[in-house]
Ligand SMILES: Cc1cc2nc3c(=O)[nH]c(=O)nc-3n(C[C@H](O)[C@H](O)[C@H](O)COP(=O)(O)OP(=O)(O)OC[C@H]3O[C@@H](n4cnc5c(N)ncnc54)[C@H](O)[C@@H]3O)c2cc1C
């Protein structure tokens, strides 16, 4: 039997995980939250044999001890030997410990699931998305954390679901979430759902044709474009590493923005690289970008060597100023 674990706040990843669970045949859903009925109703038509739940105000917060105890109670009550969950930060934190406690195994970053006669077969990448493998395991319970995009999200009409509440013992919480500090959506420049990835390279911080550095203009042009186009912002390694060397940098860039072999491998339909040379360790992070364009002064840069669909040999300061005017 398969158990799909979900927190009561549903997201696109939850509905993709529902679709993945449906591919494995019969399955139960295990809900965790302060109040789960509305969530259960939203999933009433998902085809689960049973909807189990643990419900307590303590489960409203992300906390290892309560999330692991909640999942443990649901795994026991369902008798499941294959346990799926979306790879959210909460499940990624709680389930490896539970798998260890239960004497089972866990695999993370599962990108596809198939139902085979001997049990599920999971696909995942190794070596930073260079090798894709499929794997099955004899060990049970087997926990699988599913990456976004694992399946086409399930959708169905809400109904009235019968929920079986499962009792759960959990230790008195020693940590309490007092609040969440997060960037406002305008300050948040990493947008996984964006249509376009805009990459800024180290050229933005280099001396330009007048012999001067124009950091203020660079910041204004980059942020202006990213905000107007609702694009996601990425960076080369050189640019984010500059801060560690005490050099003048673009203040809004962090290592989280780095795209490449030692950075992220984002998935966007289109990408535009600016002031970035297009070296292999960077471009390898563009593996899943559909259409690639670059702006570089150098007609012989890496992008020109088959790495971009279109290379504009031009000054990115001038091009982006014009583009921003057109957008504005
Ligand atoms: C093991 C290893 C792992 C690595 N991992 C990564 C990684 O994950 N991600 C990554 O990015 N790099 C990675 N690198 C580094 C990578 O090899 C490059 O050094 C880096 O990507 C270069 O960054 P850049 O293109 O921004 O800078 P530069 O190489 O300095 O290029 C700047 C470019 O800006 C252009 N330019 C300047 N002014 C303008 C202008 N006004 N208009 C248009 N163009 C202009 C220049 O022509 C130049 O091509 C890795 C390297 C190693 C050895």
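The values are calculated or read from the model by the stated rules, or taken from the named source; none is laboratory data. None of these values were measured; they are calculated from a predicted model. Glycine also receives a Cβ, built like all others from the backbone with ideal geometry; neighbour counts cover every protein chain displayed.
When you go through (1) surrounded by fewer than 19 Cβ atoms within 10 Å (Cβ to Cβ); (2) near the ligand (Cβ under 9 Å from one of its atoms) one by one for residue 224, which number turns out not to apply?
If we test residue 224 against (1) surrounded by fewer than 19 Cβ atoms within 10 Å (Cβ to Cβ); (2) near the ligand (Cβ under 9 Å from one of its atoms), just (2) comes out false.
Scan region 264-288 and report the pairs whose first residue is in the same structural domain as residue 148 (by TED's automatic domain parsing) and whose second residue is in a strand (DSSP E or B), with Cβ atoms within less than 6 Å and a gap of 6+ or a chain change.
none
So which strands (runs of 3 or more DSSP E) stay within region 1-88 end to end and still have 3 or more residues that are over 23 Å from the mean Cα position of the chain (by Cα), crowded, with 21+ Cβ neighbours inside 10 Å and not assigned by TED's automatic domain parsing to the domain that holds residue 119?
none
Okay, residues lined up against (1) modelled with pLDDT of 95 or more; (2) within 12 Å of the ligand (Cβ to nearest atom); (3) closer than 24 Å to residue 149 by Cβ; (4) surrounded by 16 or more Cβ atoms within 10 Å (Cβ to Cβ):
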| site | (1), (2), (3), (4) |
| --- | --- |
| 235 | yes, yes, yes, yes |
| 263 | no, yes, yes, yes |
| 280 | yes, yes, no, no |
| 298 | yes, yes, no, no |
| 313 | yes, yes, no, no |
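Suppose we filter 218, 200 for residues that are within 13 Å of the ligand (Cβ to nearest atom), out of contact with any strand residue (DSSP E or B) (no Cβ under 7 Å at 6 or more places or on another chain) and touching a residue at least 40 places away in the same chain (Cβ under 8 Å); which single one remains?
Of 218, 200, the one residue that is within 13 Å of the ligand (Cβ to nearest atom), out of contact with any strand residue (DSSP E or B) (no Cβ under 7 Å at 6 or more places or on another chain) and touching a residue at least 40 places away in the same chain (Cβ under 8 Å) is 218.
Could you check, for region 200-207, whether at least one of its residues is modelled with pLDDT of 90 or more and surrounded by fewer than 17 Cβ atoms within 10 Å (Cβ to Cβ)?
yes
Restricting attention to region 143-161, which residues are within 15 Å of residue 87 (Cα to Cα) and either in contact with a strand residue (DSSP E or B) (Cβ under 7 Å, 6 or more places away or on another chain) or not assigned by TED's automatic domain parsing to the domain that holds residue 88 (or both)?
The answer is 143, 144, 145, 146, 147, 150.
Could you tell me which of the residues 179, 103, 159, 148 is exposed (fewer than 15 other Cβ atoms within 10 Å of the Cβ) and at pLDDT below 95?
179
Within region 204-215, can you find the residues that are within 10 Å of the ligand (Cβ to nearest atom) and under 13 Å from residue 249 (Cβ atoms)?
204, 205, 206
Would you check which residues across region 113-141 are touching a helix residue (DSSP H, G or I) at 6+ places or on another chain (Cβ under 8 Å) and assigned to a strand (DSSP E or B) and list them?
113, 114, 115
Restricting to region 106-129, count the residues that are without any contact (Cβ under 8 Å) to a residue 12 or more places away in the chain and over 18 Å from the mean Cα position of the chain (by Cα).
1
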